[in-house]
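Working notes, beginning with the structure itself.
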Amino acid sequence: MKRIKALYKLSRPLTSLSGGLAVLVGGYVAGTGAWGKIGLAFLTTLFIAASANAWNDALDVDIDRVNQPHRPLPAGMLTVEEARRFAFAAAAVSLLIASFINWPAFLTALASNVLLILYSLRLKTTVLLGNATVAAISAMSAVFGGMAAGNARPTVWLALIILCGIMGREVLKTLADYEGDLRYRCRTVATVWGKRWARVVFFALTATTLIIMMVPYLIKIYNPIYAYVVGIGVYPVILYIIMRVTRDRTGQQLEKLSQLLKYDFLIWFLAVVLGAA
């Protein structure tokens, strides 16, 4: 039972769920009503994310002893080999499920698995390239939902907003993980360019997200309720995070802001669902 609980924690279900919700929103705005295949895409995404999280933790166990000591591997709840076996199994299940959707969806799932493994092995320690990889795959979640539904075109704006927003969050996480990354000589925006420039990049990406987030309403893709929910529910949280990032310095404080930014995207998902209705 403890092993199952540890594997559940290793998969980071809340993080995985955000990608799955992006798939559902993408499938919803596609407007075809193919909810059977959209549901399969949702499950595929959960398993891809679980595999990627397990791979990431297996390769970063030493760094996590500094940055995230509560995670299953540094806490001794699981071995690295168990995490690797779980990662392979989750990836295999994701491909099996995707094979029942359509060929484009299967190939997208395969490419996502490969890119996320490559990210953990090589790209994570590159300046911005690794962050861009995670952001691009996150953005593809919405497109993946539209792809499964048979109409990916309406998901383009979703993908652009997610790409920019997740890229900003990834840069914020380099600030949160600065101490461990610096100790193990990981090349990130924060360790290579310095914390000050990492904050500048974060502010630029977040400001861009705020701007493009309102474009679908301005060009009349979504109805006014979208603008109301974004303006009242999303913008204040993002502005609060921006102000706090200028003051907060510890990894724990910045990690909490990173998590808050992730949850704020759930409110944005609600805005899209209401605005596209």
Please work out which option in (1) 21.1; (2) 20.1; (3) 19.0 gives Kirkwood radius over Cα pairs in Å calculated from these coordinates, and answer with its label. (3)
Using a Förster radius of 45 Å, what is the FRET efficiency between I4 and L218 based on their Cβ-Cβ separation? Nearest 0.05, please. 0.40
The alpha-carbon center of region 27-61 and that of region 206-277 are separated, in whole Å, by 22 Å
Which of the trypsin sites (Lys or Arg not before Pro) found in region 34-104 are in a DSSP loop and have at most 10 neighbouring Cβ atoms, other than their own, within 10 Å? none
Any chance you could run the full-extension gain for F88 through A204? It's 0.36 nm times the residue separation minus the Cα-Cα distance, nm to one decimal. 38.1 nm
Fewest Cβ neighbours within 10 Å first, please rank S258, S94 accordingly. S258, S94
Taking square-rooted eigenvalues a ≥ b ≥ c of the alpha carbon gyration tensor, is region 1-111 rounded, prolate or oblate, where a/c under 1.5 means rounded and, failing that, a/b exceeding b/c means prolate? prolate
On a straight-distance basis, which aspartates and glutamates could pair with K262 in a cross-link, Cα separation under 19 angstrom, same-chain partners fewer than 8 positions away excluded? E170, D177, D248
Tell me, what is the percent relative contact order of region 2-275, built from C-alpha pairs under 8 Å that lie six or more residues apart? 20 percent
On the formula 1/(1 + (r/R0)^6), with r taken between the Cβ atoms of T79 and I211 and R0 of 35 Å, the FRET efficiency rounded to 0.05 is 0.15
I want to check the label-to-label distance for L266 and L239. Put each point 7 Å from Cα in the C-beta direction and report it in nm to one decimal. 2.3 nm
Note on the chain: helices (DSSP H) long enough, at least 18 Å by alpha carbon along their axis, and hydrophobic enough, mean Kyte-Doolittle at least -1.0, are 13-30, 35-59, 80-98, 103-121, 129-149, 156-176, 195-213, 251-275
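Since every read-out is calculated from the coordinates, none of them should be taken as a lab result. Just so you know, these numbers come straight off a predicted model, no measurement behind them. Note: ideal-geometry Cβ built from the backbone for every residue, glycine included; neighbour counts use all protein chains shown.
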